[in-house]
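All of the numbers you see were taken from the coordinates with simple rules; none came from a lab. What you see is a predicted model; the values in this text were computed from it and never measured. Every residue, glycine among them, receives a Cβ derived from its backbone with ideal geometry; neighbour counts consider all protein chains shown.
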Amino acid sequence: MTTGCAPIPTAMSPSMRCAMPCCGTAGLGDIGQHFPDTDPLWRGAASAEFLRRVAEMLTARGYAPVNVDITIIAQQPRIGPHREAMRHRLAELLDLDSEAVNVKATTTEQLGLIGRGEGIAALAVVLVDSIARDA
């Protein structure tokens, strides 16, 4: 089994936060290699589409996600009211049980740019395991 951990200093959706370490754990490189921000095809694309495609790439490489742990660091918005919906959507996109997906949040106690509400950061860890391929 292998894990990937990616600090992501952006307000991207949890789907994108999850897609980035998935790429790394399977040796797929950087997410920008697959979905360059200069390609008009990806402009305005739903972040769930990126995660769905990365999950397909994982499968093609013989890997499957086992569990996901995301920490969102933000002063606002409050994550609590959205946590369960986020967990269920990520589980759906990765074909996991909701119990295998954790979303938690913390603040910086009003310190720095995050504390002033100027940004959001996140950490995502995805455990992947090899799967049997058809012979």
Spelling it out for Asn67: with amide H atoms placed in the peptide plane at 1.01 Å from N, the residues 5 or more places away or on another chain with amide H under 5 Å from its amide H are Leu127
Can you work out ³J(HN,Hα) from phi for every residue in the stretch 64-76, in order, using Karplus 6.51 cos²θ - 1.76 cosθ + 1.60 and θ = phi - 60°, giving whole Hz and x for Gly and Pro? 9, x, 9, 7, 9, 9, 10, 10, 9, 10, 7, 6, 9
What residues of the stretch 88-118 lie in the reach of a label at Arg78, counting those whose backbone N is under 19 Å from a point 7 Å from the Cα along Cα→Cβ? 103-111, 115-118
